[in-house]
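To start, the structure itself, in structure tokens.
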């Protein structure tokens with residue numbers, strides 16, 4: 001039996017399986033995979049918040065589709081009214097992230113998740129600020145470097161995008177950019 005197979009079997013029997021797999025990957029490839037501790041109360045709280053974020057996005061998408069179908073039939077609400085409803089729905093999620101970060105100001109994954117939420121709702125400059133906060137707390141997370149590179153690729157300066165992509169690749173060459 002190969003060392004990798006034995007390592008994977010050991011990881012299955014471990015009490016913290018994600019961390020055991022991460023350690024095995026790092027030992028065999030030299031690539032570090034950051035794994036959040038699923039038993040950490042802050043991580044559990046963040047996971048619930050991210051689920052609520054996804055649910056809000058799905059709900060808003062459904063509102064848009066339904067309203068578009070109604071508008072095509074001569075009904076529905078005005079775009080202004082729909083936008084107010086959407087903003088109100090997303091404000092609930094925004095408040096959840098802001099409260100989380102007040103409670104956990106050193107939790108880089110919280111800033112990353114909040115930044116992704118803001119990016120998804122079209123608030124790219126605010127997202128950049130959250131990604132920068134995450135980078136200050138966890139400069140070894142390639143996803144943070146990648147997200148900032150995406151921002152600079154779209155908003156400039158493009159030279160920053162190349163530098164940030166380079167760092168993301170250096171930190172994890174196996175991660176698609």
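Just checking, which of 148, 101 is modelled with pLDDT of 95 or more, surrounded by 15 or more Cβ atoms within 10 Å (Cβ to Cβ) and closer than 21 Å to residue 42 by Cα?
Working: 148 fails: closer than 21 Å to residue 42 by Cα.
Within the list 148, 101, the selection yields 101.
Tally time: how many residues in the stretch 124-152 are part of a loop (DSSP other than H, G, I, E, B) and either touching a strand residue (DSSP E or B) at 6+ places or on another chain (Cβ under 9 Å) or farther than 18 Å from residue 110 by Cβ (or both)?
0
Being on the phi < 0 side of the Ramachandran plot and assigned to a loop (DSSP other than H, G, I, E, B) is the filter; apply it to the stretch 56-77 and report the residue that is surrounded by the most Cβ atoms within 10 Å (Cβ to Cβ).
Taking the stretch 56-77 and keeping what is on the phi < 0 side of the Ramachandran plot, we get 56-73, 75, 77.
Checking which are assigned to a loop (DSSP other than H, G, I, E, B) leaves us with 73, 75, 77.
Working: 73: 7, 75: 9, 77: 15.
Once the filter is applied, the top-ranked residue is 77.
Matching residues to (1) surrounded by 12 or more Cβ atoms within 10 Å (Cβ to Cβ); (2) touching a strand residue (DSSP E or B) at 6+ places or on another chain (Cβ under 6 Å); (3) at pLDDT 95 or above:
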| position | (1), (2), (3) |
| --- | --- |
| 17 | yes, no, no |
| 30 | no, no, no |
| 37 | yes, no, no |
| 54 | yes, no, yes |
| 85 | yes, no, yes |
| 96 | yes, no, yes |
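Step by step: first the residues of the stretch 41-52, then only those that are more than 14 Å from the chain's Cα centre (by Cα) and over 14 Å from residue 114 (Cβ atoms), then the one that is surrounded by the fewest Cβ atoms within 10 Å (Cβ to Cβ). Which residue is that?
41
Within the stretch 163-177, track down each residue that is surrounded by 12 or more Cβ atoms within 10 Å (Cβ to Cβ) and either out of contact with any helix residue (DSSP H, G or I) (no Cβ under 7 Å at 6 or more places or on another chain) or part of a helix (DSSP H, G or I) (or both).
Listed by number, the residues that qualify are 163, 164, 165, 166, 167, 168, 169, 171, 173.
Run residue 107 past the list (1) in contact (Cβ under 8 Å) with a residue 60 or more places away in the chain; (2) within 21 Å of residue 166 (Cα to Cα) and report the number of the one that doesn't hold.
Only one criterion in (1) in contact (Cβ under 8 Å) with a residue 60 or more places away in the chain; (2) within 21 Å of residue 166 (Cα to Cα) is unmet by residue 107, namely (2).
Scan the stretch 153-162 and give yes if some residue there is assigned to a helix (DSSP H, G or I), more than 14 Å from the chain's Cα centre (by Cα) and within 30 Å of residue 65 (Cα to Cα), otherwise no.
Yes: one or more hits.
The values are calculated or read from the model by the stated rules, or taken from the named source; none is laboratory data. The structure displayed is predicted, hence computed values, not measured ones. Positions of Cβ are backbone-derived with ideal geometry, glycine not excepted, and every protein chain shown enters the neighbour counts.
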